[in-house]
Amino acid sequence: MGAVWFWIVAVMLAAYVVLDGFDIGIGILYPFLASNEDDRSVMMRSIGPVWDGNEVWLLAGGGTLFFAFPLLYASAFSGFYLPLMIVLWLLIGRGASIELRSHIDNGVWRSFFNGVFFLSSALLAIFFGAALANVIRGVPIGPDNYFFLPLWTNWRVGPQPGILDWYTVVGGLVALIALAVHGGLYLALKATGDLCERARRFSQQAWFALCVITLVSLLATILVRPETLDHYKLHPVSFAIPVLVVLSLAAMKIFTVRRQELNAFLSSCLYLAIMLVGAAVGLYPTLLPSSTNAAKDITVAEAISGPYATHVGLIWWSFGILLAIGYFCVSYWMFRGKVSPRADGYGH
């Protein structure tokens, strides 16, 4: 049952990254691709009906983590208290900017919230990438399963690292570039005219940077945590994961050049999902590695809730996830098609 809940949490977090990732990507590209207010309106309207629903997956993933692995939840959320507070304020700022920027027709008002939207989106991508890198690298877990991390120390990876070091910065850059490309491909799918062309051109140009940073992150992970390869060696079928990463990157490029926007965007979704699955495979059955002593790792067996809770919870979770999937299917179907600045700007 522990393995089942491990992959449930992993899939829910992957769903959040894929779905809210293009929202964040739109925010990262917001000041660079929009040349006028109509472009900004299209970019906002492309995510307007779905952005808050996409964030539900983050809340649901956190709730599932709390229910299924309470020890991990308690340890991680205490040790990552500072970045967690930063992420919460960034989420609040991003949501406020989306909802409030158009309430007053004033240049200063809109410029302020445009800046908040961009800054909060870019920093969210960096912090999410750095958070995953922290989990892969490991944290200094104490005998009571708790730990403390300063925001940074000497920027080196070691037994007593900071939240930010050279490796977690690489993780942040991977997330920043990947979500920017993801947002660009989504915008090419939803926009028309010059804005669509700019989004497609950006995605093509940034694709090379994404390939480079993906390779760098892979080599850095092997250097920082060579134990990751042990899990792949135990299950050779797992080596299909890097193959799928390469294929998804190639598909993104091919479909973008061919102007097949939907296929290019789906390839980006696959890339993000497979990257996260690869990280999960490299960690399992560890949930949170210790950077000081492997014996202090928090594992699935140690952190899992009791058998009654996990079995009953699986029944109720199944009902909930079916409702969520149904809602998302209806929502995305209703708001399919291209977007225009007009109030009725969704085509079918």
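Dipole magnitude for segment 159-309: about 540 debye, using +1 per Lys or Arg Cβ and -1 per Asp or Glu Cβ, origin at the Cα centre. Using a Gaussian network model of the chain in which every pair of alpha carbons under 10 angstrom is joined by a spring, one finds that among ASP52, ASP39, ASP105 the greatest mean-square fluctuation is at ASP105. If you wrap segment 1-130 in the convex hull of its Cα atoms and look at it from every side, the mean projected area works out to 8.4 nm². Taking max minus min of the alpha-carbon positions on each principal axis, the chain gives extents of 59, 41, 41 Å, largest first. What a 1.4 Å probe finds exposed on the chain is 73% carbon and sulfur by accessible area, rounded to a whole percent. Counting only protein heavy atoms and a 1.4 Å probe, the chain has 47 square angstrom of accessible area per residue. Working note: Debye formula, equal point scatterers on the alpha-carbon atoms of segment 54-93, no solvent; log10 I(q)/I(0) at q = 0.15, 0.20, 0.30 Å⁻¹ is -0.38, -0.66, -1.04.
Kirkwood analysis of segment 234-322, using all unique Cα-Cα pairs, places the hydrodynamic radius at 16.2 Å. Amide H contacts for VAL139 (H built 1.01 Å from N in the peptide plane; partners 5 or more residues away or on another chain; cut-off under 5 Å): SER290, SER291. Counting only protein chain heavy atoms and rolling a 1.4 Å probe, the accessible areas of VAL116, VAL216 rank, largest first, as VAL216, VAL116.
The values are calculated or read from the model by the stated rules, or taken from the named source; none is laboratory data. Computed from a prediction, not measured in an experiment: that's the story for all the values here. Cβ sites come from the backbone with ideal geometry, for glycine too, and all protein chains shown count toward neighbours. To get the accessible areas, we keep the full protein, side chains included, count just its heavy atoms, and leave off ligands, DNA and RNA. Shrake-Rupley method; radii C 1.70, N 1.55, O 1.52, S 1.80 Å.
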